[in-house]
Structures are given as structure tokens and as C-alpha cells.
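Before any comments, here is the structure.
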Amino acid sequence: MTTIALKTMFRCRKTHKQKMLAQGTLAMLADLADRYPGKTFEYVSAYRVSRDESATSPHRHAQALDFRIRGVKLRDVRDYVWRTYSHVGVGWYPQGSTGAYLHIDSRPTLNDTSWTFVHGSNRYNPYWAELARRPEQVANKTHERKPGS
């Protein structure tokens, strides 16, 4: 896929402005595509620059992607990304208005952040994040890396 096609696909849906997604976010997406070959990825949101978007949102800086994978449990994807990568944000939205989805972002200069969005608010450092990174889980993973490295 070309750079122009990627920028168009992940453009801000409100303003139609375009910006290339961060390399680290694209690298995680490519890894997931390799992990789930033949599965359909549905993106919910990516680059967002409307006036109501927070200045600190990774969406505003084209570092984030909200998505789901048809036929794959989001819990499995969520735990894989959290266990495999560092310098990331992973948010789980089990009750999204358009259906459940997952948020991933690359944040090379920030600490890892995990959350679950339930009943209108984020719950940071949820129990699933602790479980996914327990030593027995981490020992079973094949790699730990920064997105894009």
C-alpha cells in the first residue's frame, strides 16, 4: 500500500486532514496482520485533529489507531500487544458505541499506559495488564520490542 493510500485511509474523519501514522503504530499493525493472516481488520479511528480533540491525544499526533479484527477475540490481541511491546499505550473499549474495539499507540518518549474504558471513564492499570505481563506470561513470549524496531 502506498503512503498516499495509507494517509487517505487513516485521515481525520471530521476534518479530512491527512498525516502518516507513526512508524511504531504501523509496525504493530503489520505485526498483527502477520499474526492473524487472512483476517479482516476494521479501523474505527486513527488521525484526529478536530477542535474537540485533546492536544495531548496520540490520535492528534497520528500515533494511535482504534480497530478490531473480525473473528479474533480482542482480549487476545490486547494481551499480545501489551506483553510484546514497550513504549505503547493499549486501551480496551469493550462497550464501544460502534462495537468493541482496541486502541494502540506508540509513545517512544512516554511510559507504557494501559486502560479499560467502561461506563464513560478510563480505568488505568487494569488487572488484565498485570496478568499479561506476569513473569510466567512474559517467559512465553517470543520477543519484547519497541514498535518499529
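Bear in mind that the values in this text are calculations on the coordinates, not laboratory data. Worth saying up front: this structure is predicted, and the values here are computed from it rather than measured. Positions of Cβ are generated from backbone atoms using ideal geometry, with glycine treated the same way; all protein chains shown enter the neighbour counts.
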Mind counting lysine pairs for me in the chain? Cα separation below 25 Å, and the two need to be 8 or more apart along the chain or on different chains.
-> 10
Note the angle between two axes, namely the Cα long axis of helix 74-84 and the longest principal axis of the Cα atoms of the chain, as a number of degrees from 0 to 90, rounded to the nearest 10.
-> 80 degrees
In nm, to one decimal, how far is the modelled label at Arg145 from the one at Glu53, with both set 7 Å along Cα→Cβ?
-> 2.8 nm
Sorted largest first, the Cα spans of the chain on the principal axes come out in Å as 45, 35, 33
Hey, what did region 3-139 get for relative contact order, percent, Cα under 8 Å, at least 6 apart?
-> 19 percent
Divide by every residue of the chain the summed helix terms, -39500 (n - 2.57) for each DSSP H run of at least 4, and state the resulting mean residue ellipticity at 222 nm, rounded to the nearest 500 deg cm²/dmol.
-> -7500 deg cm²/dmol
Charge tally for neighbours of Arg48 with beta carbon under 13 Å away, counting Lys, Arg as +1 and Asp, Glu as -1, is +3
In whole angstrom, the spacing between the Cα centers of region 73-104 and region 1-64 equals 15 Å
Gln95 paired with Ala30, simple spin-label distance in nm, labels 7 Å along Cα-to-beta-carbon = 3.8 nm
Added length on full extension, which subtracts the Cα-Cα distance from 0.36 nm per residue, Phe117 to Met20 = 32.3 nm
Treating the beta-carbon of each Lys and Arg as +1 and of each Asp and Glu as -1, no other charges, what is the dipole magnitude of the chain about its Cα centre, to the nearest 20 debye?
-> 380 debye
